[in-house]
Amino acid sequence: MTNIHIKGGRLVDPKSGLDARQDLFIADGRIAALGKPPAGFRAARTLEASNHVVCPGLIDLSARLREPGFEYKATLESEMQAAIAGGVTSLVCPPDTDPPLDEPGLVEMLKYRARNLNLAHVYPLGALTWKLEGERLTEMVVLRDAGCVAFSHADTPLPDTQVLWRALQYAGTFGIPVWLRPQDGYLARGGVAHDGDVATRLGLPGIPSVSETIALSTILQLVRETRTRVHLCRLSTAESVAMVHAAKSEGLPVTCDVSAHHAHLCETDLGYFDAHCHVIPPFRTLRDRDALRSGLADGTIDAICSDHAPVDEDAKQLPFAESEPGATGLELLLPLTLKWAEEMQVALPKALAAVTSRPAAILGIEAGEVTIGRSADLCVFDPKARARLTLDSLKSQGKNTPFIGYELPGRVHYTLVGGQVVYEV
């Protein structure tokens with residue numbers, strides 16, 4: 001392990017509230033001291049961080065790595081490189097691979113491959129039911145022991161409410177969290193855009209807001225019955241934000257997140273059938289978008305995720321309704337978070353909490369903080385640097401993002417994982 005001195009940076013630790021210009025010292029892969037070096041410390045390398053922010057490495061709650069099964073869309077290597085280029089040091093992988101993550105061997109293989117790359121930490125979500133078919137529950141305890149941090153049905157509808165009830169009962173018995181994206185599969189069936197004026201004008205089949213709120217109401221009622229800890233993934237409507245606010249006030253054990261692109265875009269951004277805006281859940285009204293932004297600011301929404309979903313170019317070149325949904329986001333998580341903070345006048349420590357300490361709390365991992373003795377997973381970035389996003393600037397194999405051409409704030413200069421510099425410019 002190399003001793004590293006990060007010099008002259010603005011050290012921001014959202015969890016402790018630290019926001020000061022201090023040096024940081026790393027030894028044996030861990031944070032050894034803040035401010036002054038520990039006794040006998042000799043740096044093998046010094047990273048100049050003047051005019052830069054030094055913060056915990058970002059934690060992304062939804063990043064599809066496309067392995068196993070979809071290597072033609074992206075590979076583990078390409079997406080891990082994208083992660084560290086974006087300052088992401090820990091990420092959660094949904095279970096909708098091919099085959100789905102419903103067997104211990106698949107989970108262990110994914111973690112082994114990720115560990116050998118020695119880049120970002122990968123935390124897999126296990127499939128809630130076998131093959132994500134919604135009929136038979138997986139062996140959650142066995143999968144948890146293999147490395148799954150929680151269980152999810154990804155974007156696959158789970159129409160059988162009794163199966164969901166049994167799943168929450170089973171998970172709650174063992175203290176296992178369940179992650180759910182609320183959507184009624186029948187109401188959303190065949191839809192590709194928000195069921196509103198824009199979809200009507202473009203002649204696109206719609207997904208109504210009630211497809212989310214009806215499913216969310218069911219989930220919250222089951223949480224009342226089981227008291228199982230549930231994380232609600234990628235909310236998209238104003239009504240959902242209000243329902244979660246009420247549930248938290250009631251004391252229900254729920255948390256939630258929103259995708260970074262939903263914090264900025266709405267249905268009008270579809271323009272003239274821009275397939276890069278074909279995402280799940282769909283971009284909704286301007287009112288919905290503003291409610292998501294406000295929910296982040298007041299803490300109702302706990303975290304921002306990238307909802308990274310690389311798609312091969314051919315699948316995005318089809319007509320909107322036939323194109324594959326999904327948007328690249330790993331490298332945009334920090335810039336889009338900073339852009340939201342600028343526009344909403346949210347202080348930097350509070351904004352960074354949504355992608356560091358609060359996601360860490362949801363996962364229950366020792367990360368997302370700058371604390372002496374913790375693993376040195378860090379991001380060093382220039383908050384004032386602005387760059388125009390181009391296809392060539394993306395390291396992800398998927399180039400499918402509606403933000404191409406946007407000028408975005410924040411440029412990562414160094415990413416450290418376990419005290420090692422894994423990315424630098």
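The values are calculated or read from the model by the stated rules, or taken from the named source; none is laboratory data. Just so it is clear, the model here is predicted, and its values are computed rather than measured. Note that we place each Cβ from the backbone using ideal geometry, even for glycine, and neighbour counts take in every protein chain shown. Each accessible area value is taken on the protein alone, full model and side chains, heavy atoms only, with ligands, DNA and RNA left out. Shrake-Rupley method; radii C 1.70, N 1.55, O 1.52, S 1.80 Å.
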Note to self: C-alpha centroids of the range 142-199 and the range 263-308 sit apart, in Å, by 20
Each label sits 7 Å from Cα toward the beta-carbon; between GLU133 and GLU324 the label points are separated, in nm, by 2.4
So, for the Cα atoms of the range 253-298, Rg and Dmax in Å stand at 11.5, 41
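How would you order 255-262, 216-223, 118-125 from highest to lowest mean count of nearby Cβ atoms within 10 Å?
On the way: 255-262: 25.6, 216-223: 19.2, 118-125: 22.6.
So the peptides 255-262, 216-223, 118-125, ranked by packing, come out 255-262, 118-125, 216-223.
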Residues whose modelled amide H sits under 5 Å from the amide H of CYS256, counting only those 5 or more places away in sequence or on another chain, are LEU232, ASP302, ALA303
Candidates ALA20, ALA188, ALA63; GNM for the chain (alpha-carbon contacts under 10 Å) flags as most fluctuating ALA20
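Ignoring any ligand, DNA or RNA, what whole percent of the accessible area of the range 8-133 comes from carbon and sulfur when the probe is 1.4 angstrom? Don't jump to the answer; show the numbers that get you there.
Numbers: 2320 of 4830 Å².
Of the solvent-accessible surface of the range 8-133, carbon and sulfur hold 48 percent.
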Taking a ≥ b ≥ c as the square roots of the Cα gyration tensor eigenvalues, with a/c under 1.5 meaning rounded and otherwise prolate when a/b beats b/c or oblate if not, the range 347-425 comes out prolate
Rounded to whole angstrom, the alpha-carbon centroid of the range 309-338 lies from that of the range 85-141 at a distance of 21
If each part is reduced to its alpha-carbon centroid, the range 9-61 and the range 373-425 end up apart, in Å, by 18
With a 1.4 angstrom probe the carbon and sulfur portion of accessible area for the range 200-287, in percent, totals 57
If the chain between VAL210 and LYS248 were fully extended at 0.36 nm per residue, the gain over the current Cα-Cα distance would be 11.6 nm
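Percent of alpha carbon pairs in the range 157-239 separated by more than 15 Å? Spell out each step's value before the answer.
Details: 2015 of 3403 pairs.
Every Cα pair in the range 157-239 considered, those over 15 Å come to 59 percent.
Are there trypsin sites (Lys or Arg not before Pro) in the range 78-156 that DSSP puts in a loop and that have at most 14 other Cβ atoms within 10 Å, and which ones? It would help to have the intermediate numbers written out before the result.
On the way: sites: LYS111, ARG113, ARG115, LYS131, ARG136, ARG144; in loops: ARG136.
Answer by residue number: ARG136.
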So the number of lysine pairs in the chain with alpha-carbon atoms under 14 angstrom apart, 8 or more residues apart or on different chains, is 8
For the range 1-75 (alpha-carbon point model, no solvent) the Debye-based log₁₀ I(q)/I(0) at q = 0.16, 0.19, 0.28 Å⁻¹ works out to -0.67, -0.78, -1.32
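Relative to the present Cα-Cα distance, how much length would full extension add between SER217 and GLU108 at 0.36 nm per residue of separation? List each step's numbers first, then the result.
Values: separation 109, 0.36 × 109 = 39.24 nm, distance 3.49 nm.
Here the answer is 35.8 nm.
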TYR406 and ARG42 label points (each 7 Å along its Cα→Cβ direction) are spaced in nm at 4.8
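Once the Cβ-Cβ distance between THR161 and ARG386 is put in as r, and R0 is 35 Å, what FRET efficiency do you end up with, to the nearest 0.05? Display every interim value, and only then the final one.
Numbers: r = 48 Å, r/R0 = 1.37.
About 0.15, to the nearest 0.05.
Which whole-number value in Å² is the accessible area per residue of the chain, probe 1.4 Å?
Details: 16550 Å² over 425 residues.
It amounts to 39 Å² per residue over the chain.
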Of all DSSP beta bridges having both residues in the chain, the percent classed as antiparallel (nearest 5) is 50
For VAL141 and LEU117, extending 7 Å from Cα along the Cα-Cβ vector and measuring point to point gives, in nm, a value of 3.3
Lys and Arg at +1, Asp and Glu at -1: neighbours of LEU333 with Cβ under 10 Å from its Cβ sum to -3
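Taking only complete DSSP H runs, can you tell me which helices of the chain stretch 15 Å or more along their own long axis by Cα positions and average at least -1.0 on the Kyte-Doolittle scale?
Details: long enough: 104-117 (20 Å, -0.28); 161-173 (18 Å, -0.01); 210-226 (24 Å, 0.70); 238-250 (18 Å, 0.14); 286-298 (18 Å, -0.78); 333-344 (16 Å, 0.40).
In the chain, the long hydrophobic H runs are 104-117, 161-173, 210-226, 238-250, 286-298, 333-344.
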Exposed-loop cut sites defined as chymotrypsin sites (Phe, Trp or Tyr not before Pro) in DSSP loop states with at most 11 other Cβ within 10 angstrom; longest site-free run of the chain spans 273-425
Largest fluctuation, GLU369, GLU322, GLU77 only, Gaussian network model of the chain with Cα springs under 10 angstrom, belongs to GLU322
